[in-house]
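Worksheet: the structure to be examined is printed underneath.
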Amino acid sequence: MVPDCVRAALRPLIGQIDALDEAIGAIDTEIAASVKADETARRLMTIPGVGPVTASAITATIRDMSAFASGREFSAFLGLTPRQSSTGGKERLGRITRMGDRYLRKLLVVGACATLIGRTTRLCHVSSPLHVARSVRISRTARPCAPPFASCRGLWDLSCRGDFRPP
């Protein structure tokens, strides 16, 4: 049981939290309406792990996706490709570079983690990297790196070619 004096002290803070929740809800509604009006953003939302916020951020940040030669180049722009240290014909890949748009990368990783946690058969193809990353025994910190990389390739395919095929 919370004492009455503590309740009285916390009542203004609860009012501020409620006001912030209402403001966030209004902003979410505006973002959803703007995404519904934009054809590109609606197509981007067909990819698992990409919601209205991620789609609007991608369309606002990257105006022309065809400026990238491939999905891997787009992934490198976001910092989701592994660092390469190749010599003598032997390819050595290190950790992801994390050299790019931090906000978009974070949105894609969070979306991939949410898709990994709540994966259903209608959202995600069975042989997709999301399913493979979950079934293969790798660490929880390394697991979210492959699905956003695949999502970047899917985003590029969808924007440049007009179709998305789950890998």
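The values are calculated or read from the model by the stated rules, or taken from the named source; none is laboratory data. Being a predicted model, the structure only gives us computed values, none of them experimental. Backbone-built Cβ (ideal geometry, glycine too); neighbour counts: all protein chains shown.
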Q.
Cβ-Cβ distance below 7 Å, separation of 6 or more or different chains: which pairs start in region 1-29 with a residue that is loosely packed, with under 10 Cβ neighbours inside 10 Å and assigned to a helix (DSSP H, G or I) and end on one that is of a type in the set (Phe, Trp, Tyr) and at pLDDT 95 or above?
A. none
Q. Just wondering, is there one or more residues in region 53-61 that are touching a residue at least 60 places away in the same chain (Cβ under 8 Å), in the same structural domain as residue 156 (by TED's automatic domain parsing) and crowded, with 16+ Cβ neighbours inside 10 Å?
A. yes
(Q) I'm trying to understand the selection: among the residues of region 31-52, which are surrounded by 12 or more Cβ atoms within 10 Å (Cβ to Cβ) and part of a helix (DSSP H, G or I)? (A) 31, 32, 34, 35, 36, 40, 41, 42, 43, 44, 52
Q | helices (runs of 4 or more DSSP H) wholly inside region 58-167 containing at least 1 residues that are modelled with pLDDT under 70 and closer than 25 Å to residue 31 by Cα | A | 102-117, 146-160
